[in-house]
Each structure stands twice: as structure tokens, then as C-alpha cells.
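The values are calculated or read from the model by the stated rules, or taken from the named source; none is laboratory data. The shown structure was predicted, so the numbers you read here are calculated from the model rather than taken from an experiment. Counting neighbours? That spans all protein chains shown, and the Cβs are built from the backbone with ideal geometry, glycine included.
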Amino acid sequence: MGRDGWVDAGQGWWGVEAELRLHGWSRTRRVVVLRRRLPGTVALTRADDGQGDLFWTDAQPSTKVWEFAILATSPDLEVLSIVRFYRDRADAENAFDELKNQWGWGGAASPRGT
């Protein structure tokens, strides 16, 4: 959060590059960390008993509440291009999902199995 170099990634998001190596990964990977500021009122969950409770909270106007996304990626592109690439890919996958699930073109077998 305190890192410098955040760049405008479009649609209210800001991004910065970093490197990350998680347990089980054979090497360090490039990641793009994205954040966007949320409005002062947000929904939070609290899981004291394993069930979780949903509640609303009002943050003070001076409090910055952020939503984050992290993209592990390999193309050698600047942050804005990486974000556009993933955003376009998600849009394309949404179209296929709609055709498959909402229009019934998912290749479901007929009742007789033919």
C-alpha cells in the first residue's frame, strides 16, 4: 500500500508491478497489484463462530477503503496494457459463458442420450 509508482489502470483502478513467490512455486513470478478506492460505506464479514455475519459500516471520510485484485502474469507489457488484456479476455469469456449457459449451447445431451 505504501509503495510508490501506482499508475492509472482505467475504470477507477490503479496498478503497480511487483514480484511474488508463493510456497510451491518453482520461481518468482511477476504480478500486477490493482486497487480501487471504495465508497465510505462498505459491507464487511466477520466470522467469529464460523458462520460469518454480514454488516454495513460507515468509514470516516478521511479513511481510505480499497478493493484489491492481483494478476500473476508473464507478458512484458506495462500495467495499463496488462489490465486491458485481462479485461478484454474476461469480456470475451463472458460472451462464451452466456452462449453456453443462458442460450443452452453448452452441448447438453438429449434425454435419450443421442
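Just a few scattered comments:
- Residue check, LEU22 loosely packed, with under 10 Cβ neighbours inside 10 Å, under 22 Å from the mean Cα position of the chain (by Cα) and modelled with pLDDT of 85 or more: yes
- Unique residue being at pLDDT below 80, among the aromatic types (Phe, Trp, Tyr), surrounded by 10 or more Cβ atoms within 10 Å (Cβ to Cβ) and over 24 Å from LEU22 (Cβ atoms) when the list is PHE55, PHE96: PHE96
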